[in-house]
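A.B. asks: Quick one: the structure is below, questions incoming.
Rule-based calculations on the coordinates, nothing more; no lab input. Just so it is clear, the structure is predicted and the values come from calculations on it, not from any experiment. Please note: Cβ atoms are built from the backbone with ideal geometry, for glycine as well, and neighbour counts cover all protein chains shown.
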Amino acid sequence: MNRATIAAEIDNTAYDPARPTELVLGGETFTSVTDKICGIVEKPRPPRAWYIAITVTGGLTAVLLAAVFHLITTGIGIWGVNSTVGWGWAIVNFVFWVGIGHAGTLISAILFLLRQKWRTSINRFAEAMTIFAVICAGLFPAIHVGRIWLAYWLFPLPNYQGMWPNFRSPLLWDVFAVGTYATVSVLFWYTGMVPDLAALRDRATTRWRQIVYGVFAIGWRGSHRHWHRFEKAYLILAGLATPLVLSVHSVVSFDFAVSNLPGWHTTIFPPYFVAGAVFSGFAMVGTLLVPARQWFGLKNFVTLHHLDNMNKIVLATGSMVGFAYATEFFIAWYSGNPNETFAFVNRAFGPYAWAYWIMVTCNVVSPQLFWFKRIRRSLPAMWIIYIFVNIGMWFERFVITVTSLSRDFLPSSWAYYRPTIFDVLTFAGSVGLFLTLVLLFVRYLPMVAMAEVKTVMPAASVHGGPAHPVGDYHGDIPHGAAPALGQEVRP
Amino acid sequence: MIRDGLWGLLVEFEDPRRLVAACARVRDAGYRRWDAHTPFPIHGMDEAMGLRGTRLPWIILGGGVTGLGAALLMIWWMNAVDYPFVIAGKPLFGLPAAVPVAFELTVLLSAFAAFFGMWLSNGLPRLHHPLFGSERFRRATSDRFFIVIEAADPQFDRARTRTLLESLGGTVVEEVTDEAED
């Protein structure tokens, strides 16, 4: 490949139903795919920028540890929560990170079932991001309980007091929903990665790499008898993860919706939260993927076609979120309930109006720019919109959590909530932890699913002609592709 | 029937199309203990190798049913039998409130069944395999396609099997020895 093709972005976003879109550009072969993706991990040292980045994010992670240490030794009084607003940034951050964690499973499971082949280039990265986001999310409920040494009370474990958790509480549903989601996401991610870890093992030149990748590749040798069961298991895991991903943010929204507080007690919450989660998750995938494809030379795999598709999903889910905001307001008025009406008027025009309008600008207005083709295909423009969406979705959770609590039924207990420096440091630290994990991932693990990408390359098609319309790993090939039993074959 | 450490014969292909046609011929020759090794799953191979379905979906269903039953039993026993307490006037056990946790545990145990069931029925994890002794075979996870016939196959005959493999249109035929001889 010459320099010109590296420098220029190839526009493969045009859609021609008569021809399958090329998902891998630049004349890549099976060999070059392995060389390029493994090559990133096999470099003896990462680029200098990686060291700088991990120093910064590692420092932020240290800040997180220090803030959490201070919290545990002192108490949640170091945060800005007060007796009116008992849920502050801890819950906001929890919902924010869980939401981000939705894109990975959506890409890997739902797009898989829908046969969106373009997912193969980005699913590994998105799944990794999901797991790291869920790790950050899980941190906050654990530390916000105050007496963290009693956090095991969340689980149905036999104890000397003869107590069991209350299964009628949405907070306990959350424990199971997030716990299951984290576990299934890890299983799904790891299952898909085993063939690629085996590729790294087989190319390893140092003893250390052979042992580590060898252990994690668990003896995979590409046997078709294994692939046969692997594809079946992968398909079923995708089928299981699909309702799961929809359930997780629904259950998170129950934390609010099952209460009796105006502004929280609405039936629109589950679908609205799920749409918002997918919206924020895609924005975060894009935030990380746009620079990553540049720095690690992945332009032939993560093409403009992929980014264009992602931007369309951001536009669709962003519009759903905007529609949900409008519906909430309509119902607040139409219900005729004065408390409900007040909650929403207060949200948009009360003391937190600034937060509300940041949210609306970032979440409703900015993604509408993706109606324009040129913006959907411009790397700087899309990256800026992703950042806006990240900010807007954090503010959405802030608006929902804080405005309803700060002014409930009893005006004498109204209060304004302000975060303290420890709220800020803990959140900044969680961003540091997230980015540290992402940096370790891009350094030590294959960030594109090589085995899956190879299945969507024209050379993988055993029928000749254009690529087969059936997607990767589905294992549902129609008859006639291979010579039938007993039929004579001559090479 | 391991003779002088010979574990099997492998033939290498560069093109998945040839591999599929070759597999159909090995299948029709009546071999049982053989396999194809590929860097990614190739469509049409199940038919070409004469593979039948797998029991895996039933194992996973078993996991799901176990998760559902265990969750409902746990919730009912913990909240309505062993430690009953009335909160917010709700019934001690009500199905709607049990749905989220029951759903999550159904998915969780199904996923465990899929994950562990798949790896264990594939005979993995496994620390060593005679094929790992072949330098050539290392590309099976990258860009080469292999058919391997084991010496333990009742039909295996060093000369005849070699002739068959050589006639398949592959690039090279190689003997694989079992270093860890028993």
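A.B. asks: Based solely on its DSSP helices, what 222 nm [θ] is calculated for chain A when runs of n ≥ 4 H residues each add -39,500 (n - 2.57) and the sum is averaged over all residues, nearest 500 deg cm²/dmol? Before the final figure, lay out the partial values.
C.D. replies: Details: 17 runs with 293 residues, N = 491.
So the helix-based figure for chain A works out to -20000 deg cm²/dmol.
A.B. asks: Give the calculated FRET efficiency between A:Leu157 and A:Ser259 to the nearest 0.05, with a Förster radius of 25 Å applied to their Cβ-Cβ distance.
C.D. replies: Details: r = 26 Å, r/R0 = 1.06.
So the FRET efficiency works out to roughly 0.40.
A.B. asks: For segment A:135-292, take the alpha-carbon Rg, divide it by the Kirkwood Rh, and send me Rg/Rh. Kindly include the intermediate steps, with their values, before the conclusion.
C.D. replies: On the way: Rg = 20.5 Å, Rh = 19.1 Å.
With Rh from the inverse mean 1/r over Cα pairs, Rg/Rh is 1.07.
A.B. asks: Using only Cα atoms, locate the centre of segment A:211-237 and the centre of segment B:9-46, then give the distance between them in Å, rounded to an integer.
C.D. replies: Measuring centre to centre over Cα atoms gives 18 Å.
A.B. asks: Also, quick follow-up: Over the Cα atoms of segment A:251-339, each weighted equally, I'd like the Debye log10 I(q)/I(0) at q = 0.16, 0.20, 0.25 Å⁻¹, rounded to two decimals.
C.D. replies: Once normalised to I(0) and log-transformed, intensities are -0.72, -0.91, -1.18.
A.B. asks: Then there is this: Against the longest alpha carbon principal axis of chain A, how many degrees, from 0 to 90 and to the nearest 10, is the axis of helix A:338-349 turned?
C.D. replies: 70
A.B. asks: If you don't mind, another one. Mind checking the alpha-carbon convex hull of chain A and giving the volume per residue in Å³? Don't skip to the answer; put the middle values down first.
C.D. replies: Values: hull volume 95.6 nm³, N = 491.
Measuring per residue, one finds 195 Å³ for the Cα hull of chain A.
A.B. asks: Tell me, what is a quarter of the convex hull surface for the C-alpha atoms of segment B:56-121, in nm² with one decimal? Mind showing how you got there, number by number?
C.D. replies: Numbers: hull surface 18.7 nm².
So the mean shadow area of the Cα hull is 4.7 nm².
A.B. asks: Enter the mean number of other protein chain beta carbons within 10 Å of the beta carbon of each residue in A:251-258, as an integer. Show your work: numbers first, answer last.
C.D. replies: Details: counts 4, 0, 0, 1, 0, 0, 0, 1.
Taking all residues of A:251-258 together, the mean is 1.
A.B. asks: Sort B:Asp157, A:Asp308 so the one with the fewest other Cβ atoms within 10 Å of its own Cβ comes first.
C.D. replies: Lowest count first: B:Asp157, A:Asp308.
A.B. asks: Across peptide A:135-147, how many C-beta atoms of other chains are within 10 Å of each residue C-beta, on average?
C.D. replies: Values: counts 0, 0, 0, 0, 0, 0, 0, 0, 0, 0, 0, 0, 0.
Mean shielding count: 0.
A.B. asks: Within segment A:220-322, which chymotrypsin sites (Phe, Trp or Tyr not before Pro) sit in a loop by DSSP and count at most 14 neighbouring Cβ atoms inside 10 Å? Before the final figure, lay out each step's value.
C.D. replies: Values: sites: A:Trp220, A:Trp227, A:Phe230, A:Tyr234, A:Phe254, A:Phe256, A:Trp264, A:Tyr272, A:Phe273, A:Phe279, A:Phe282, A:Trp295, A:Phe296, A:Phe301; in loops: A:Trp220, A:Trp264, A:Phe296, A:Phe301.
Sparse-neighbourhood loop chymotrypsin sites (Phe, Trp or Tyr not before Pro): none present.
A.B. asks: Expressed as a whole number of Å, what is the distance separating the alpha-carbon centroids of segment A:269-326 and segment A:132-166?
C.D. replies: Measuring centre to centre over Cα atoms gives 32 Å.
A.B. asks: Next question. Please arrange A:Met163, B:Met49, A:Met382 by how many other C-beta atoms lie within 10 Å of their C-beta, fewest to most. Provide the component values of the computation, followed by the final result.
C.D. replies: Working: A:Met163 15, B:Met49 20, A:Met382 23.
Fewest to most other Cβ atoms nearby, the residues stand as A:Met163, B:Met49, A:Met382.
A.B. asks: Moving on. Mind checking which aspartates and glutamates have their Cα closer than 18 Å to the Cα of A:Lys43? Skip sequence neighbours fewer than 8 apart in that chain.
C.D. replies: A:Asp35, A:Asp196, A:Asp202
A.B. asks: Dividing the Cα radius of gyration by the Kirkwood radius, what Rg/Rh value follows for segment A:313-358? Let's see the in-between values first.
C.D. replies: Values: Rg = 12.1 Å, Rh = 11.4 Å.
A ratio of 1.06.
A.B. asks: Using a 10 angstrom Cβ neighbour count of at most 16 plus a DSSP loop assignment to flag exposed trypsin sites (Lys or Arg not before Pro), which longest range of chain A is free of such sites? Write out the running numbers ahead of the final one.
C.D. replies: On the way: sites that count: A:Arg115, A:Arg147.
Here the longest segment lacking exposed loop sites spans A:148-491.
A.B. asks: Let me ask something else about it. Give me the distance between the Cα centres of segment B:110-181 and segment A:55-122, rounded to whole Å.
C.D. replies: With segment B:110-181 and segment A:55-122 each reduced to a Cα centre, they are spaced 44 Å.
A.B. asks: Something else about it: Stick to Cα atoms and the Kirkwood definition of Rh, then tell me Rg/Rh for chain B.
C.D. replies: Values: Rg = 24.9 Å, Rh = 20.0 Å.
Result: Rg/Rh = 1.25.
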